[in-house]
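J.: Please read through the structure below; I'll follow up with questions.
Just so it is clear, none of the values below were taken in a lab; they were calculated from the coordinates. Computed from a predicted structure; not experimentally measured. Heads up, the Cβs are rebuilt from the backbone with ideal geometry, glycines too, and the neighbour counts pull from every protein chain shown.
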Amino acid sequence: MAREDLHFRLRIPEGLKNRIEDAAAENNRSMTAEIIDRLETSFAPLPPEMKAMIAEFTHQLILAFGERKAEDS
């Protein structure tokens, strides 16, 4: 983290802090690095193949529920 990076306090539940600490230790990095990595990952766009998988899964769910609804009628 560069010196010009923003520095601020953050209130989080103790249980979440413990989970971040555990994950950071498991990944051999600081809590700050763990939080930054997770935030960066959450903002990254989905790869096209993942979007396609989600679209196909959604389509299959719609078909399955449509068939089930028709059977219930």
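J.: Only sites in a loop by DSSP and with at most 14 other Cβ atoms within 10 Å count here; which trypsin sites (Lys or Arg not before Pro) in region 13-73 make the cut?
T.: Arg29
J.: Please state the charge dipole magnitude for the chain, taken about the Cα centre, from unit charges on C-beta atoms (+1 on K and R, -1 on D and E), reported in debye and rounded to the nearest 20.
T.: Using only the charged Cβ atoms, the result is roughly 300 debye.
J.: Let me ask you something else. Per DSSP helix of 4 or more residues, -39500 (n - 2.57); summed, then divided by the residues of the chain. What does that give at 222 nm, rounded to the nearest 500?
T.: -23500 deg cm²/dmol
J.: Once the other residues with Cβ under 14 Å from the Cβ of Thr32 are scored (Lys, Arg +1; Asp, Glu -1), what is the net sum?
T.: 0
J.: Using the reciprocal of the averaged 1/r over all distinct C-alpha pairs, how large is the Kirkwood radius of the chain in Å?
T.: 16.2 Å
J.: As I understand it, the value is the acute angle between the Cα axis of helix 48-72 and the longest principal axis of the Cα atoms of the chain; what does it come to in degrees, rounded to 10?
T.: For 48-72 against the chain, the angle is about 40 degrees.
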